[in-house]
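Throughout, read-outs are computed from the coordinates displayed, never taken from laboratory work. Keep in mind that what you see is a predicted model, and the values were worked out from it rather than measured. Positions of Cβ are generated from backbone atoms using ideal geometry, with glycine treated the same way; all protein chains shown enter the neighbour counts.
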Amino acid sequence: MSNSVISVISRFLEEYASSTPNKLKVIDAYLLYIMMTGALQFLYCLLVGTFPFNSFLSGFISCVGSFILAVCLRIQINPQNKGEFLSISPERAFADFLFAHTVLHLVVINFIG
Amino acid sequence: MYPFEGLFSLLVLSLVLETQALTPTHHLTTTDVARLQAVLSQPFTDLKSAYYSVVGLSKLGIFVADETCRFINSNLDPSSVESLFYAAEASQALSGCEIPVSNDTRDLLLATVSEDSTASQIHQSVSALSALGLPLASQEVVSALKARISKEDNVLAIILALQTASRLSQQAELGEILEEIEDLAARLDDLGGVYLQFEEGLEATALFVSAAYSLSDHVDMEPPLKEDQVIQLVNSIFSKKSWDSLSEAFSVASAAASLSNNRFHVPVIVSAQGPAAVSHSHPFLQLQVTDVLCQPLSSASVLVESASAVASKSAILNQAPFTLRDGVFELNFMASQPASGYYQFSVAITGDSRFVANHVELKVKVSTRVAINNMDLSVVDKDQSIGPKTTRVEYPTKAKASFMADSHQNFAMTFQLVDETTGVELTPHQTFVRLHNQKTGQEVVFVAEPDSKNLYKFELDTAERKTEFDSISGTYALYLMVGDATLENPILWNVADVVLKFLDEEAPGTIQAKTLYVPKPEIQHLFREPEKKPPTVVSNAFTALVLSPFLLLLILWFKLGANISNFTLSPSTILFHIGHAAMLGLMYVYWTHLNMFQTLKYLAIIGSLTFLAGNRMLAQKALIHLPLDTVVMFKHFLTINTCH
C-alpha cells in the first residue's frame, strides 16, 4: 500500500520536474513561499492567542489572497490552457495580477491597524 | 408679550372658568383703575401729554382743573395740524375752555383733508374741526379716507380712519369704512383661544376697540364682533397692569370707556368678594358684578341657575336670585343647609341685552366645624381571655391614666367625626394617629380608617408593628390629627399616653438617628485591563520565522534560473518599476502615517502613471511574442494611419 503511494509520488515529482515549463516553476516556488508564510502566521496565532485579532486576520488574508491571485496567474499563463484564454495574453494576465494585488494590499494595510 | 401679573390674578381668586362660554380671565380691579388714573394724572410737559392726560381722564370720568386751559392755549402752535388736534380735543374735554380760531387755522385744517395727507393727518384735522365746531365736508373726507386706506394698508391707519369716520355726519356714506372693522377683526391674532390682539401690540388693539365701538355707535350698527372675540379682546387689553407710556395708558382708558358704555356689547366682570366660601359664621356668598372699569352694573340682576355638589352631582339650588346690598350681590347659601364640600354654581347676569359673558361658573366651598364623638380607648388581650377595658375621653381633655400594651395585647381606639352643627358624619381627608416617644424623639404615624358606618377605628398590634417602633419600649404620647380643606377647625389632640413594651432583646443598643445625608462610600472606577500580550521574545522570534520563507523563495528562484536578462532599459520600463516601487512604499506610509482618503489620492496619481507605463511596457513585450510578419504588417498599418 505505502509502496504504491511512494511510487505515485515519485512519478509525480519526475513528471513535474521534466514537463513543467520554467515560468510555471517560478510561480510554483512563489506559491510555496506564500503558503509557508501563511502557515507560520497561523501557527503563531494558535500558540499565542488572537490578540490583536485584526492584525492576524489581515496578515492571514493577505497570504490567502496572494496565493489565489498567483494561482490565477499560473492558470492564465499556462500554455496548455491557451485555448480557454484566447483573449487574455500573458502580459494582460500579469497586469491583472498586479492590479488585483494593489487592491488587496490596500485593504490589508487598512485592516492591519 | 404681556406680562402676567400673578399677584393680581390671586386677588382675582379661585374662579373656575368654564370653557364652554368664554369669560374674562383678565380684568382691571379697582387698584388697577386707580393706577391707570395715577399714570394719566402725572404732570404734563407738552401739549401731547396734556392731550393724553386730559382726554384719558375724561374717559375714566374724571375732569381736570381749568388751569390746564391756560397751559393748552400757551403751548398751542396754530400752524401745526397736530398741535391743533391735541389742543382742540383737550379743550373739548375741559368745561368752558375756548381755543381761538382764525380763518387761517380753519383753512389749514380744511386743506389737510385730501388724498395727499396721511391717514393720521386727516384724522387729526377732522377731529380738530369737529372739536372746534367748524363745518367740514363729510363726503370729501370719506373719499380721502378710502384713498388713504387703499394706499396705507397698515392697521393703525385703518384704525384712525375708523375714528375719523365716527366724527362725520351720519348722512355720509360710511358703509365701506364700516366694513373695515370686519377686515381688521380678521387680522387679529388668536393666542390659545384666550387672547385676541394685533401683532402691532396692546396700543393698536385698544385703539381698535375704541374706534370700532365709537363708529358703530355713531351709525347705530352692531359691530361684527362675536361675544367670544369681545372677551378675548378684553383679556388682551386688560392683562397688562402697568403701562409703559402715556399713549398706552390712554389707549387702555379709551378701550375701557368704550367697552363699559356702548350700545352693543358690555362685558360683565363677576368676581367673588373674598374667598368663594361660606360657612355658618359667614353664610352669605357675595359677588361683585361690574363692567370693565369696575363700576357696578346698576341694571343687572343676578341669578343662580343651578348649584350642584361636585362630589355627588345632586342639585341644591335652582333659579335662586341674589339680592343687591351696598353694591354687592349676596345670597344666603347656608339657608339651603348644604353639607360641607364643594359646589359648582352656574350664575347668570341678566337685565340688559348688551351684556356679554354673562354666564359664569363658580366653585364655592362650604366649610364646617368638626366635633369628635365617642372617643373610646381600650387595651384588648389577643386571646380575648380578658374583656376589653374601655375608657372614654372627651375632647380636648387627655385621658388620666396611661395605657399599657405589650406583645400579648392590642391597643384600640374608636371614634366618630361629625359636623358640629348638623351632626352629620364626616370623613375628612386627613385622620392620623401619631405616637411620639418623648425620650428618644421617635415619631410613628398611622392612618385611622372609617368603616362602612363611618365609625373610625385604629388598632395597634404591638407585636406586628415592632419594626416601625424599632422595638423601643417606652411611653408614647398619642395624638389625633384631623384635617381637611372644608374644615374650619383642624384638630391636634393629645388623647392619651401609651406605654408600649417590646421584647427587650430586640431593642437596639443605641438609638441611631436616620442617616440620610452622610457621604456615601466612594466608588472606585475600574479601568479596562489591557489584553495579555505574549512576551516580546516569542513575538520577535516568530517575526523572524515568518520572514524566513522569503529567503527560501530567493534560493528556489536562483536554482530555477529565474533572471532579469530580458530587462530592456526603455523609459516606460523604468517608469513602471519606479511607479510600482512607489506604490509599495505608499502602502508602508499608509500603515504608519496616512488615512484612507490621502492614500487613495496618492494611489490614484502613482497608479495611473504606473498603469500607463506598464501598459506600454507589456505591449512592447507582447509584440516580441508575435510572429515577425504580423509585426511588420502591424507597423505598416500604424504608419499608414498616422500619415493621414
Report task. Just need log10 I(q)/I(0) for chain B at q = 0.08, 0.09 Å⁻¹, Debye formula, equal scatterers on the alpha-carbon atoms, no solvent, rounded to two decimals. Result -> -0.79, -0.89
Query raised in the report: Could you give the nm distance between label points at residue B:550 and residue B:429, where each point is 7 Å from its Cα heading toward the beta carbon?
Result: 8.6 nm
Report task. Determine the gain in length on full extension of the stretch residue B:311-residue B:342; use 0.36 nm per residue of separation and subtract their C-alpha separation, reporting nm with one decimal. Result -> 10.4 nm
Query - Within-12-Å neighbourhood charge of residue B:60 [Cβ basis; K, R +1; D, E -1] - result: +1
Query raised in the report: Can you pull the mean other chain C-beta count within 10 Å for peptide B:357-363?
Result: 0
Query raised in the report: Among all the aspartates and glutamates, which ones have a C-alpha under 14 Å from residue B:400's C-alpha, if same-chain residues fewer than 8 places away are not counted?
Result: B:376, B:497
Requested in this report: May I ask for the net charge around residue B:368, where only other residues with Cβ less than 10 Å from the Cβ of residue B:368 are counted and Lys, Arg are +1 while Asp, Glu are -1?
Outcome: -3
Report task. Quote the relative contact order of chain B in percent (integer), defining contacts as alpha-carbon pairs under 8 Å separated by 6+ residues. Result -> 9 percent
Report summary line: The alpha-carbon center of segment B:425-499 and that of segment B:351-381 are separated, in whole Å, by 25 Å
Query raised in the report: Can you tell which of A:46, A:13, A:24 shows the greatest fluctuation in a Gaussian network model of chain A with Cα springs below 10 Å?
Result: A:13
Query - Radius of gyration and Dmax over the Cα atoms of segment A:24-113, both given in Å - result: 15.3, 48
**Report entry** Filtered GluC sites (Glu not before Pro), segment B:90-156: DSSP coil and at most 14 other beta carbons within 10 Å
**Finding:** B:98, B:115
Query raised in the report: Given just the C-alpha atoms of segment B:109-153, how large is their convex hull per residue in cubic angstrom?
Result: 53 Å³
Requested in this report: May I ask which residue of B:198, B:364, B:537 lies farthest towards the positive end of the charge dipole of the protein assembly as shown, with charges of +1 (Lys, Arg) and -1 (Asp, Glu) on Cβ and the Cα centre as origin?
Outcome: B:537
**Report entry** Stretch in chain B that is longest and holds no chymotrypsin sites (Phe, Trp or Tyr not before Pro) that DSSP places in a loop and that have at most 15 other beta carbons within 10 Å
**Finding:** B:64-516
Report task. Report, in whole Å, the centroid distance computed from the Cα atoms of segment A:66-84 and segment B:147-172. Result -> 97 Å
Query raised in the report: Excluding same-chain residues fewer than 8 positions from residue B:363, which aspartates and glutamates have a Cα within less than 19 Å of its Cα?
Result: B:18, B:305, B:330, B:484, B:488
Query raised in the report: Over segment A:21-112, what relative contact order in percent results from Cα pairs under 8 Å that are six or more residues apart?
Result: 36 percent
**Report entry** Helical contribution to [θ] at 222 nm, DSSP H n ≥ 4, -39,500 (n - 2.57), averaged over chain B, rounded to 500
**Finding:** -12500 deg cm²/dmol
Report summary line: Lys and Arg at +1, Asp and Glu at -1: neighbours of residue A:90 with Cβ under 13 Å from its Cβ sum to +3
Report task. Give me a single rounded figure for B:548-554: the average over its residues of other chain Cβ atoms within 10 Å of their Cβ. Result -> 5
Query raised in the report: Along the Cα-to-Cβ line of residue B:75, 7 Å from the Cα, sits a label point; which residues in segment B:83-127 have backbone N less than 14 Å from it?
Result: B:83-91
Query raised in the report: Between residue B:397 and residue B:282, how many nm apart are label points set 7 Å from Cα along the C-beta direction?
Result: 3.5 nm
Report summary line: By Cβ neighbour count within 10 Å, fewest first, B:143, B:239 rank B:143, B:239
Requested in this report: Return the ratio Rg/(2.2 N^0.38 Å) for the protein assembly as shown, where Rg is computed over Cα atoms only.
Outcome: 1.92
**Report entry** Two-site label geometry, residue A:54 and residue B:455: point separation in nm, points 7 Å out along Cα→Cβ
**Finding:** 8.1 nm
Query raised in the report: If you take the charge dipole of the protein assembly as shown about its Cα centre, with +1 on Lys and Arg Cβ and -1 on Asp and Glu Cβ, which of B:355, B:311, B:267 is farthest toward its positive end?
Result: B:311
